[in-house]
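One structure is given here, and the rest of the page talks about it.
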Amino acid sequence: MSTMRRNGMTLVISGPSGSGKSTLYKAVSGKLGGVGFSVSCTTRSPRPGEQDGVDYYFLTKEDFERRVAAGDFAEYACVHGNYYGTLKSELSSRMEQGMDVVLDIDVQGAMQLRALAEKDPHFRDSLEFVFVAPPSYAELEKRLRGRGTESAESLEKRLHNAHEEMTFMGKYDYLILNDVLEDAVAAFEALIRSLRLSVKRMKLEDFQ
Ligand code: 5GP
């Protein structure tokens, strides 16, 4: 056969708010096919232009807690004062189709998935951990202020939390330094192309 079939991977991407995670993966998914996004649940309010079911599933705190109790989340965390979580159903549906799934989640959620990968071989083979870092705190602040999406209170919280989030960098497998955007996009694209060659996700029996 001419093409090798493989299982999809789950790319866990974290980094401080304003590091450019979503700009990066949107740019790369436009260049590469076969990349899907996991839509998270959150209790934060939608920003102008955000759509329920597209950007997030926007839930009330009560609904979120009900879904926690029902065991619906692969991971969840309280980030900048709101709940965020990844539904198990978001992961399984795309991976079974051989799609690569991007999860834009915070460092606490990523560490929960890391622990899951240590216990479960299925997760171990599918998960890859990528940290996106800004070139400096000053640049991060400039980008976050320039984005204009946050209230003064939320902005302060995000800048304050950035320091702690950066201490998790060493717990990831790959680092993308987002200084010049097109270089970061090229690095991320190269990373995905390389990870797609990993033998651990190949369906080798097709060749036997
Ligand atoms: P924002 O409010 O800017 O959309 O997201 C704030 C933070 O929440 C970001 O660091 C983002 O990565 C994180 N986040 C988004 N979805 C999830 C999720 O499903 N789980 C966890 N743990 N964090 C999430």
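The values are calculated or read from the model by the stated rules, or taken from the named source; none is laboratory data. The shown structure was predicted, so the numbers you read here are calculated from the model rather than taken from an experiment. Please note: Cβ atoms are built from the backbone with ideal geometry, for glycine as well, and neighbour counts cover all protein chains shown. All accessible areas refer to the heavy atoms of the entire protein, side chains included, with ligands and DNA or RNA removed. Shrake-Rupley method; radii C 1.70, N 1.55, O 1.52, S 1.80 Å.
With axes computed from alpha carbons, what is the tilt in degrees of helix 21-31 against the longest principal axis of the chain, rounded to the nearest 10 within 0 to 90? Value to nearest ten degrees: 40. Over all orientations, the range 143-208 has a Cα convex hull whose mean projected area works out to 6.9 square nanometres.
Projection of the Cα convex hull of the range 109-159, averaged over all directions and equal to a quarter of that hull's surface, yields 4.8 nm². Take 102-113, 126-137 and order them by the average number of nearby Cβ atoms within 10 Å per residue, most first; the result is 102-113, 126-137. The calculated FRET efficiency for the pair Lys157 and His122, based on their C-beta separation and a Förster distance of 35 Å, comes to about 0.50. For Leu177, put the label point 7 Å out on the Cα→Cβ axis and report which residues of the range 121-154 keep their amide N under 11 Å from it. Hits in the range 121-154 for Leu177 at 11 Å: 133-136. Surface composition of the chain: carbon plus sulfur atoms hold 52% of the accessible area, using a 1.4 angstrom probe and ignoring ligands, DNA and RNA. Taking Cα centroids, how far is the range 127-141 from the range 16-82 in Å? With the range 127-141 and the range 16-82 each reduced to a Cα centre, they are spaced 18 Å.
Taking the average, over residues, of other Cβ atoms within 10 Å as the packing measure, peptides 35-42, 172-179, 147-154 rank 35-42, 172-179, 147-154 from highest down. Shown is the FRET efficiency for Val54 and Phe207, computed with R0 = 45 Å from the Cβ-Cβ distance and rounded to the nearest 0.05: 0.70. Ligands, DNA and RNA are left out, and with a 1.4 angstrom probe the accessible area of the chain is 52 Å² per residue. Tell me which of Gly85, Cys41, Leu177 sits at the most positive position along the dipole axis of the chain, charges placed on C-beta atoms (Lys, Arg +1; Asp, Glu -1). Farthest towards the positive end: Leu177. Per residue, the Cα convex hull of the chain amounts to 128 Å³.
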